[in-house]
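Notes for the one structure printed next.
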Amino acid sequence: MVRFLNVNKDYGKLSVIHQLDFDVAEGEMVTIIGPSGSGKTTVLRILMTLEPISGGVIYVNGKPLTHMAKAGVLVPADERHFRQMRSSIGMCFQHFNLFPHMTALQNCMEGPVQVLGLAKKEARERSEELLTMVGMIDKKDQHPSRLSGGQQQRVAIARALAMRPKVMLFDEVTSALDPEVIGEVTNVIRKLVAEHNLTMLMVTHQMGFARDISDRVCFFYGGKIEEEGSPHDLFENPQRDRTRQFLSAVKEAY
Amino acid sequence: MKLDWHWDFAFEVLPRLLWATVNTLTAAGAGYAIALVLGLILALAQRTNWRALTVIVRECVEFIRSTPLVLQVFFVFYVGPQFGINLSPWTSGLAAIGIHYSAYLSEVYRSGIDAVPRGQWEACRALNLPLRKKYLRIILPQALVPAVPGMGNYLVGIFKDTPILSVIGVAELMQMANTIGSENYRFLEPFTLVALIFLFISLPAAGLVKLFERRLRLAMGL
Ligand SMILES: Nc1ncnc2c1ncn2[C@@H]1O[C@H](COP(=O)(O)OP(=O)(O)OP(=O)(O)O)[C@@H](O)[C@H]1O
Ligand SMILES: [Mg+2]
């Protein structure tokens, strides 16, 4: 479903992603863990086309993400191609990024109405269904400023899902939350994994959650995948020194 | 020195001054409307990917802001005809004052737009909102609310600058007071009344702008 081929990302002289090869199968839940600055967020931002890449090719659903085929060769994509590719990808951010001047319901309806061109009624039904799924239907007419962090994040998940993406990206969606509300967000994600056949890519610092929920865990280090495997293998029997060091450091911190 | 204030004269000229006040308010309102729209265009033009346009607009705004309004008024009115642009005093005055203040308002808009958090732009992209809807529905509503106090200041500013239009003969308040003074050889009453009229309009305007901002924030749930 998602394939990185020899992808590089530089910020000036700083190489953040280095010759990354990375695959995510359809319906797979992959978590990315790793130390701060290892490029985890960057991978998601590249996929969401929030950042251009410096080299390599990314395929989403068999089509190149940042390039398009023209007369048999790949050329940099134009905005139309980006828009088309983006329509299959959704993202939730660490700081929610809800639209503050809209209610929870309006936030969810914005994309379906303005981008997908759904009728208001249909968009409302879809949004209400999703708000019910994330347990926020009774707060649908509240503005984000009246909601707690956990509630805002759940609305943000509903907003992203309302676009019916095939791939969902979660970037540390619980990092900005108070410990007591983390569960309400992780439970929504658990539900998504259990009930939907979404392809998901999640960056998290919650090792327990990553272990419960993932089909595969990737340990990033210095812009590359240092080690990957099933949650059981990676957490119980890490092969690389850096993985072991990281896991024991995290264990101490929590 | 004894203050030689004539109440009867003051009351006699008041209606003419009030009548001219309508002109002043019209000039301020129309000039402000031009500035609001043109300012937004200037602000948005500086956010395009087209470097040349951005630089040109930037320089024009700088130029307008660093030359006196009265010069711009003269320029439009007296130099315009040399380029085949013949405008009445009213039209020249409104154009000049509108363009002048659009430069200032574009800066207010610009800082408002810059203040919209990066996460909002990214959310727009993640939702795939097209450019026009991104600005109209997400960015500008958030940019304009914090810009309201700055916009309000320029509303009062443009109102207080309308007397400059008297230099090209627009029959606004100042021009009228001057005419009345010259006719009667008495300037104290008309000019004092002009000052009071400006005061009575400016002061509540500032308060109303504050109230409007608060209402707007509430209405938008910010
Ligand atoms: N816009 C930018 N300009 C320059 N450098 C950047 C930019 N964004 C990220 N970086 C750098 O890229 C590297 C990887 O950043 P990234 O945000 O992907 O790390 P991360 O693994 O998500 O870390 P964290 O766990 O702290 O979120 C870091 O060294 C960061 O300083
Ligand atoms: Mg990060």
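Coordinate-derived values only; no laboratory data. The structure displayed is predicted, hence computed values, not measured ones. Methodologically, a virtual Cβ is constructed for each residue, glycine included, from the backbone with ideal geometry; neighbour enumeration extends over all protein chains shown.
Ranked for footprinting exposure by Cβ neighbours inside 10 Å, fewest first, B:211, B:17 give B:211, B:17. Taken residue by residue and averaged, Cβ atoms of other chains lying within 10 Å of the Cβ of B:187-196 number 0. Computed over the alpha-carbon atoms, the range A:1-113 gives an Rg to Rh ratio of 1.00, Rh here being the Kirkwood radius from the mean inverse distance. Tell me the angle of helix B:51-65 to the major Cα principal axis of chain B, expressed in degrees between 0 and 90 and rounded to the nearest ten. Relative to chain B, helix B:51-65 is tipped by roughly 20 degrees.
The H on the amide N of residue A:226, modeled in the peptide plane, is under 5 Å from the matching H of A:219, A:220, A:221, each at least 5 residues off or on a different chain.
Across chain B, the longest run free of exposed loop sites, meaning chymotrypsin sites (Phe, Trp or Tyr not before Pro) lying outside DSSP classes H, G, I, E and B with no more than 16 other Cβ atoms within 10 Å, spans B:51-184. Sequence-ordered 3J(HN,Hα) estimates for the range A:239-251 from the Karplus curve with 6.51, -1.76 and 1.60 and θ = phi - 60° stand at 8, 9, 4, 5, 4, 4, 4, 4, 5, 6, 5, 5, 4 Hz, glycine and proline given as x. For the range A:125-185, the alpha carbon convex hull comes to 86 Å³ per residue, rounded to a whole number.
Taking a Cβ cut-off of under 10 Å around residue A:101, the surrounding Lys, Arg, Asp and Glu residues balance to a net charge of +2, with basic ones at +1 and acidic ones at -1. At a Förster radius of 45 Å, what calculated FRET efficiency corresponds to the Cβ-Cβ distance of residue B:82 and residue A:116, to the nearest 0.05? E(calc), rounded to 0.05, equals 0.25.
Cβ crowding within 10 Å, taken as a proxy for footprinting-reagent exposure, orders B:12, B:189, A:252 from fewest neighbours to most as A:252, B:12, B:189. Over all other residues within a Cβ to Cβ distance under 12 Å of residue B:150, the charged ones net out to -1, with Lys and Arg as +1 and Asp and Glu as -1. One quarter of the convex hull surface built on the alpha carbon atoms of the range A:185-254 amounts to 5.0 nm², the projected area averaged over directions.
For chain B, the longest principal axis of the alpha carbon atoms and the long axis of helix B:173-184 meet at an angle near 10°.
This ranking places B:114, A:171 by how few other beta-carbon atoms lie within 10 Å of each, fewest first, which gives B:114, A:171. Once you reduce the range B:120-177 and the range A:148-170 to the center of their Cα atoms, the two points are 35 Å from each other. With the largest listed first and rounded to whole Å, the semi-axes of the equivalent ellipsoid of the range A:92-135 from the Cα gyration tensor are 18, 13, 9. Diffusion coefficient of the range B:95-195 by Stokes-Einstein, Kirkwood radius over Cα pairs, 10 °C, 1.306 mPa s: 95 µm²/s. Farthest toward the positive end of the dipole of the range B:166-222, out of B:205, B:175, B:220, is the Cα of B:220, where the dipole comes from beta carbon charges about the Cα centre.
In terms of Cα atoms, the Rg and Dmax of chain A work out to 18.5, 55 Å. Peptide A:109-118 has a mean shielding of 3, counted as Cβ atoms of other protein chains within 10 Å of each residue's Cβ. With coordinates expressed along the principal axes, the C-alpha atoms belonging to the protein assembly as shown extend over 102, 52, 46 Å, beginning with the largest.
Only the Cβ atoms of Lys and Arg (+1) and of Asp and Glu (-1) were treated as charged; on that basis the dipole of chain B about its Cα centre amounts to roughly 1300 debye.
Note on the range B:29-171: Cα-Cα pairs beyond 23 Å make up 42% of the total pair count. Using the Karplus relation 6.51 cos²θ - 1.76 cosθ + 1.60 with θ = phi - 60°, the per-residue 3J(HN,Hα) values for the range A:44-54 come to 5, 5, 5, 5, 6, 6, 7, 9, x, 9, 9 Hz, with x marking Gly and Pro.
A protection proxy built from the mean count of other Cβ atoms within 10 Å ranks the segments A:154-161, B:53-60, most packed first, as A:154-161, B:53-60. Annotation: amide H-H contacts under 5 Å for residue A:91 (H modelled 1.01 Å from N, sequence separation of 5 or more, or interchain): A:169. Look at the alpha carbon pairs under 8 Å that are at least 6 residues apart: their mean separation over the length of chain A gives a relative contact order of 25 percent. Across the range A:111-125, coupling constants 3J(HN,Hα) worked out from phi with the 6.51/-1.76/1.60 Karplus curve, θ = phi - 60°, read x, x, 6, 7, 9, 7, x, 5, 5, 3, 4, 5, 5, 5, 4 Hz, and Gly and Pro carry x.
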